[in-house]
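**Student:** The structure follows.
What follows draws every value from the coordinates through simple rules; no lab data is involved. No experiment lies behind these values; they were computed from the predicted model shown. Neighbour counts are summed over all protein chains in view; Cβ atoms, including those assigned to glycine, are modelled from backbone coordinates with ideal geometry.
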Amino acid sequence: MIDFIGDIFSAELDPYVITFALVITMVVLLFMSFPMIVPLAVACLIGLLHFSDVDPQVIIQQMVTGISPTALISVPMFILAADIMTRGKTANYLLELIEAFVGHKRGGLPITACLSCTLFGSVSGSTQATVVAVGQIMRPKLLKVGYKDSFVMSLIINASDIAYLIPPSIALILFGTLANTSVGELFVAGIAPGLVLALLFCIYSYVYSIRHKDSIALVDKKTWPERLKAIKNALLPLGFPALIIGGIYSGIVTPTEAASFAVLYAIIVEAIIYREITFSDITKAALNTGLITAVVFILVGIGQAFSWYISFEMIPQALLEPLELGSSSPEFIMFVIALSFFIGCMFVDSIVVLLILTPIFMPIITAAGLDPVLVGVLVALQMAIGSATPPFGCDIFTAIAIFDRPYMEIIRGTPPFIAILLLMSALLIFFPEIALLPRDFLFDK
């Protein structure tokens, strides 16, 4: 051990020595409560200044390179569209549409919450926006009829994470940028797994409702005039996924163009037609989008610099060599990728994990002949799991802020949902056609 520490101070060019130094640096800075950008930047600087003779100005060059891809332009656009819709009526009308048809049935309200999260995720691309928009409306309704709060909050948190799979998923946009993979194909491939996951959550919600039927009341069935009104109100909100998904699939617009049209459509619907938001609200949404985008892009930039450095030192190859992934089956390689992202996202922000691990695994993915689109969907699913999994899932802390409930109460009902998410991961690994068949059909693969 003493010799190993000595190797660190003497700048021994050994991948394990460098890795240990970088990891310890990041862990110490994280425990000192620095934001994630600082541990990444400092670790990168230590690597460049202490272990190599590369000019540290390369960090700036790589940061610029990291945020240069045009596909990233769609990220702030989708964030802005989601913010505008969260301030308006979109979530309410989507929720009312689903509730009008299934809300009165056994398990109808939690199924409504699940499907509403899926639908709103398909127009916002944001898990946290979905937690806020759907959670604030559905939680009081579910509690009123007798559902336990731990079940309600866990359902909303996990169902909101379907937004990582359903387009316009910011996770898929970032993966496509990092892996040089078609964002349009990733969007198509994410739909079926997202819908299967929503179906599994609905089945669990129904089973839970049957098991606790003595303490859960049913709500009144909506009349047909009420249902027709709900359909009429939801027509414009349903235009969002039609615009984004239909436009991209038909080839009329690129994902970036679809994001721009989504912002315009959101403003027209919420400000002009519904008159739910004012110019002041749009200004606030734009400022909020600027702040979030700045954080995301700084992370993307420094993540690119960190990824460049560890690739320069050939650290990924050294660390993964003992696993002999080059001669392993595709299923085992995907299992290792899924496990790495799952564990990483449990402790660190999922975007940071994506930025660090994607460049590490891409050479292996290419060498093994794996379809990067399939891997991208699997990675997005692991990011979804991590966002709702203790100890540091970001949606858990969003729920704490929105619902004003303690941490332990928020996570008490999560194990069944995590089990369903892991089952979905296994289905993707062993039945990749779930994601790839729609992509192959629409893109003539």
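**Student:** If I take all pairs of Cα atoms in region 273-322, what percentage of them are more than 14 Å from each other?
**Tutor:** Cα-Cα pairs of region 273-322 separated by over 14 Å account for 70 percent.
**Student:** Then there's this: Starting from the 7 Å offset along Cα-to-Cβ, what nm value, one decimal, do you get for the label separation of residue 279 and residue 441?
**Tutor:** Here the modelled spin labels are 4.7 nm apart.
**Student:** Once the Cβ-Cβ distance between residue 213 and residue 339 is put in as r, and R0 is 35 Å, what FRET efficiency do you end up with, to the nearest 0.05?
**Tutor:** 0.40
**Student:** Taking a cut-off of 25 Å between Cα atoms, list the lysines near residue 284, but don't count ones fewer than 8 places away on the same chain.
**Tutor:** Correct list for residue 284: 89.
**Student:** If you take the square roots of the eigenvalues of the alpha-carbon gyration tensor of region 192-344 and sort them as a ≥ b ≥ c, do you get rounded (a/c under 1.5), prolate (a/b over b/c) or oblate?
**Tutor:** oblate
**Student:** How long is the gain from residue 50 to residue 397 if the chain were fully straight, where each residue apart is worth 0.36 nm and the alpha carbon distance is subtracted?
**Tutor:** 121.2 nm
**Student:** Moving on to the next point. What is the angle, in °, between the Cα long axis of helix 15-31 and the longest principal axis of the Cα atoms in the chain? Nearest 10 is fine, range 0 to 90.
**Tutor:** Value to nearest ten degrees: 50.
**Student:** If you find the alpha carbon centre of region 183-214 and of region 34-66, how far apart are they in angstrom?
**Tutor:** 41 Å
**Student:** How much net charge surrounds residue 233 when only the other residues with a Cβ under 15 Å from the Cβ of residue 233 are counted, with Lys and Arg +1 and Asp and Glu -1?
**Tutor:** +1
**Student:** For residue 443, which sequence-distant residues (separation of 5 or more, or a different chain) have an amide H within less than 5 Å of its own amide H, given hydrogens modelled in the peptide plane?
**Tutor:** none
**Student:** Something else now. Per residue, what volume in Å³ does the Cα convex hull of region 295-445 take up?
**Tutor:** 138 Å³
**Student:** Between helix 74-87 and the chain, what is the angle of the helix's C-alpha long axis to the longest principal axis, kept within 0 to 90° and rounded to the nearest 10?
**Tutor:** On a 0 to 90 degree scale, this one is about 30.
**Student:** Right, here's the next one. If you count, for each residue, the other Cβ atoms within 10 Å and average over each peptide, how do 329-342, 66-79 line up from highest to lowest?
**Tutor:** Answer by packing, highest mean first, reads 66-79, 329-342.
**Student:** What is the helix-to-structure angle for 127-144, meaning the angle in degrees between its Cα long axis and the longest Cα principal axis of the chain, kept from 0 to 90 and rounded to the nearest 10?
**Tutor:** That works out to roughly 40 degrees.
**Student:** Which whole number of Å³ per residue matches the convex hull of the alpha-carbon atoms in the chain?
**Tutor:** Measuring per residue, one finds 150 Å³ for the Cα hull of the chain.
**Student:** Residue by residue through region 357-372, what is 3J(HN,Hα) from phi via Karplus (6.51 cos²θ - 1.76 cosθ + 1.60, θ = phi - 60°)? Round to whole Hz and write x for glycine and proline.
**Tutor:** 7, 4, x, 5, 8, 4, x, 5, 4, 5, 5, 7, x, 6, 6, x
**Student:** With label points built 7 Å along Cα→Cβ from the Cα atoms of residue 250 and residue 31, find their separation and express it in nm.
**Tutor:** The two pseudo-label positions are separated by 5.7 nm.
**Student:** What percentage of all Cα-Cα pairs in region 76-156 are separated by more than 23 Å?
**Tutor:** 17 percent
**Student:** Before rounding to the nearest 500, sum -39500 (n - 2.57) across all DSSP H runs of length at least 4 in the chain and divide by the residue total; then give [θ] at 222 nm in deg cm²/dmol.
**Tutor:** My calculation for the chain gives -23500 deg cm²/dmol from helical runs alone.
**Student:** Right, here's the next one. Taking only C-alpha pairs under 8 Å that are 6+ residues apart, what is the relative contact order of region 82-157 in percent?
**Tutor:** That works out to 33 percent.
**Student:** Further question on the same structure: Compute the separation of the alpha-carbon centres of region 121-164 and region 267-294 and state it in Å as a whole number.
**Tutor:** So the two Cα centres are separated by 22 Å.
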